[in-house]
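Read the structure below first, then the notes.
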Amino acid sequence: MIYLGWEPICERWFKNLMMSAGQAIVKALRVEGVRYIYGVVGSAYLEILDSMYGQDDISFVGCRHEQGA
């Protein structure tokens, strides 16, 4: 592989800036001061739940039925 000198630097820089959609949503909710999220666990937003794993400042409260949320 041939590098022109700046590619490895750009790769490291972009790697630090890139985040998943779930991480971006959790970050936006944190900025808005959201502490609890209520919902029915499903595969549609599993990436958001993965991003919330281990976070102390924002919690997910799972419900069994959407009317309970």
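The values are calculated or read from the model by the stated rules, or taken from the named source; none is laboratory data. As the structure is a prediction and not an experimental result, all values here were calculated from the model. All Cβ positions, glycine included, derive from the backbone under ideal geometry; neighbour counts span all protein chains shown. All accessible areas refer to the heavy atoms of the entire protein, side chains included, with ligands and DNA or RNA removed. Shrake-Rupley method; radii C 1.70, N 1.55, O 1.52, S 1.80 Å.
Lys27 is checked against (1) open to solvent by 50 Å² or more (accessible area, probe 1.4 Å); (2) modelled with pLDDT under 80 and fails just one. What number does that condition carry?
Of the numbered conditions (1) open to solvent by 50 Å² or more (accessible area, probe 1.4 Å); (2) modelled with pLDDT under 80, the odd one out for Lys27 is (2).
Please pick out the residue among Ile48, Ile37, Ile9 that is at pLDDT below 80 and β-branched (Val, Ile, Thr).
Ile9
Being out of contact with any helix residue (DSSP H, G or I) (no Cβ under 8 Å at 6 or more places or on another chain) and either without any contact (Cβ under 8 Å) to a residue 12 or more places away in the chain or surrounded by 13 or more Cβ atoms within 10 Å (Cβ to Cβ) (or both) is the filter here, so list the residues in region 47-61 that pass it.
Filtering region 47-61 for residues out of contact with any helix residue (DSSP H, G or I) (no Cβ under 8 Å at 6 or more places or on another chain) gives 53-54, 56, 61.
Tyr53, Gly54, Asp56, listed by residue number.
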